[in-house]
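Colleague: Pasting a structure below so you can have a look.
The values are calculated or read from the model by the stated rules, or taken from the named source; none is laboratory data. These numbers come from a predicted model, not from an experiment. Cβ atoms come from the backbone with ideal geometry, glycine included; neighbour counts cover every protein chain shown. Only protein heavy atoms, including side chains, enter the accessible area calculation; ligands, DNA and RNA are left aside. Shrake-Rupley method; radii C 1.70, N 1.55, O 1.52, S 1.80 Å.
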Amino acid sequence: MDFDTVIHGGTIATASEIYEGDIGIKDGRIAAVAERLPGGGRRIDAGGRIVMPGGIEAHAHIAQESSSGVMTADDYLTGSVSAAFGGNSSFIPFAAQHRGQSVDEVIATYGARAARSVIDYSWHLIISDPQPEVLEDQLPRAFASGITSYKVFMTYDLMNLGDGGMLDILTVAREHGAVTMVHAENNDMVKWMNRQLAAKGLTAPKYHAISRPELAEEEAINRAIQLAKLVDAPLFIVHVSTAGGAAIVQREKLAGAKLYAETCPQYLALTRDDLDRPGMEGARYICSPPLRDHATQDALWRHIASGTFESVSSDHAPYRADQSGKFLNGFDVPYPKIANGMPGIAARLPWLFSEGVAKGRITLEQFVALSSTNAAKTFGCDRKGRIAPGMDADIAIWNPETRRKVTLADQHDNMDYTPFEGLELTGVPEIVMTRGETIVAHGELKAAEGQGRFVARKPVDLRGRGGWQAKEFDPAQNFGAELR
Ligand code: URP
Ligand code: ZN
Ligand code: ZN
């Protein structure tokens, strides 16, 4: 076969094996993988390099207004460029429904915004207003169009669905094979803590970490899972930040819940002490759930290594440290008025490679699974996340030896800070491709605005996930009632 491109001489890394070989690319797809492949219009020498599936960033806020109306600093051009420099070939940001909006309106809005992307994209919806027409008509149509996941919130007054709302939407998701992602924090615990702190005048950024207790996450994770189990719906717990939360996920997976979860680099690289930096610098480290402590970091690493998490995602939520972002409500305001979130889409994979693989905490195969393959499986990207014939040629070529320090300029985003500034990293993605097109090479952008394509995703693949039967839904045990 006459390949457009052959990547030769590299070490191919997949989620299950590592081997020496060549990859032949034709018409944007992987056409062959073999010990040696001759020919190719273009030959890329990957000697001494790791050749792996391009990252799939499954948690990013791009060109998205928060519930309180703050627009992210990154749009689909800067956000996708930053993702590409971080070794990603595709991403799945959120398309957020705010109260009163139809899902169709949301998809049209984000369709226009995403037209600038340099990498392939899909969206997870955010649903904050599950009216009957949303549940019965708009969501099923979105699922059928390939948007097969959405996020809901158990916190923030403008987003929180309540337990009944969660059960309604989980039931719809179950019927259509869609994945419900959940931000799990107990809203009333947080609001009560806010009142205690405000009454004592404790409003500096560091108190953000105190206001959102570990127990608030643990309680909500447990509750979300029990709600999903009642109706046997798949559930994905996003940005797990506590040892207790991770332990609940681990236990419930073992017990048969159709459960997935992620954690994020910030919960392993930073602690709540970063919120106590001088002046208002701590505001840069405000995110929810909040940063925790060193003991939590150790526990989260053990959960990453032992398989509790499908993915390590960035939760890139870029708000600049100025009046357009963090300080939209003023510079000297109490912590509840500071925008929540921090950037990290370019840092996610270099950080995970360096702290995980280079330091021996996880294997290279686990790195591939956590950065790409598992997200493709969970979110139904059936042509991405693997190095195999027929797959999209979404490939990242890493130099595992390069050492550097994180700088803002290396992030290539539209931010005025990186929370990872100065961290020493080993390993860098030198070449990144989406569908066989080189988008980044040796620190230079090669992609054109708008070359990313929408990825229509499949329903979640639940093979091997037995599931759950609540007695109350079993006609043999509930006096014969057909409740489903
Ligand atoms: O603080 C954060 N993580 N902001 C982004 C929104 C979210 O909840 O993921
Ligand atoms: Zn969240
Ligand atoms: Zn998020």
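Colleague: So between Ala198 and Arg42, what do we pick up on full extension, going 0.36 nm a residue minus the alpha carbon distance?
Modeller: 49.9 nm is the gain from fully extending Ala198 to Arg42.
Colleague: PRE reach from Lys458 (point 7 Å along Cα→Cβ): which of the stretch 21-45 fall under 18 Å by backbone N?
Modeller: In the stretch 21-45, the label zone of Lys458 (backbone N under 18 Å from the point 7 Å along Cα→Cβ) covers 29-30.
Colleague: Additional query: Taking H placed 1.01 Å from N in the peptide plane, check which residues at least 5 places from Asn88 or on another chain put their amide H under 5 Å from its amide H.
Modeller: Gly55
Colleague: Per residue, how much accessible surface does the chain expose to a 1.4 Å probe? Answer in Å², no decimals.
Modeller: In whole numbers, the chain has 37 Å² accessible per residue.
Colleague: Which of the peptides 426-433, 278-285 is most tightly packed, and how do the rest follow, judged by the mean count of other Cβ atoms within 10 Å per residue?
Modeller: 426-433, 278-285
Colleague: Still on this structure, I have one more. How big, on average over all directions, is the shadow cast by the Cα convex hull of the stretch 435-475, in nm²?
Modeller: Over all viewing directions, the stretch 435-475 projects a mean Cα-hull area of 6.5 nm².
Colleague: For a protection proxy built on the mean count of beta-carbon atoms within 10 angstrom, sort 178-191, 294-307, 408-421 highest first, please.
Modeller: 178-191, 408-421, 294-307
Colleague: To continue, here is another question. How high is the relative contact order of the stretch 54-371, in percent, with contacts defined as C-alpha pairs under 8 Å that are six or more residues apart?
Modeller: Answer for the stretch 54-371 is 18 percent.
Colleague: D for the chain, whole µm²/s, Stokes-Einstein with Kirkwood Rh over alpha-carbon pairs at 37 °C and 0.692 mPa s: what number?
Modeller: The estimated diffusion coefficient comes to 145 µm²/s.
Colleague: Same structure again: Place a label point 7 angstrom from the Cα of Met71 along the Cα-to-Cβ direction, then list the residues of the stretch 324-343 whose backbone nitrogen is under 15 Å away.
Modeller: From the stretch 324-343, the list is 324-326, 328.
Colleague: What distance in nm separates the two pseudo spin-label positions at Phe331 and Ala108, each 7 Å out from Cα along the beta-carbon direction?
Modeller: That separation, rounded to one decimal, is 4.2 nm.
Colleague: Another question about this same structure. Pairs Lys200/Lys229; Lys151/Lys253; Lys326/Lys384: which are spaced more than 30 Å apart, C-alpha to C-alpha?
Modeller: Lys200/Lys229; Lys326/Lys384
Colleague: Roll a 1.4 Å probe over the protein heavy atoms and report the accessible area of Tyr156 in Å², nearest 10.
Modeller: Its heavy atoms expose roughly 60 Å² to the probe.
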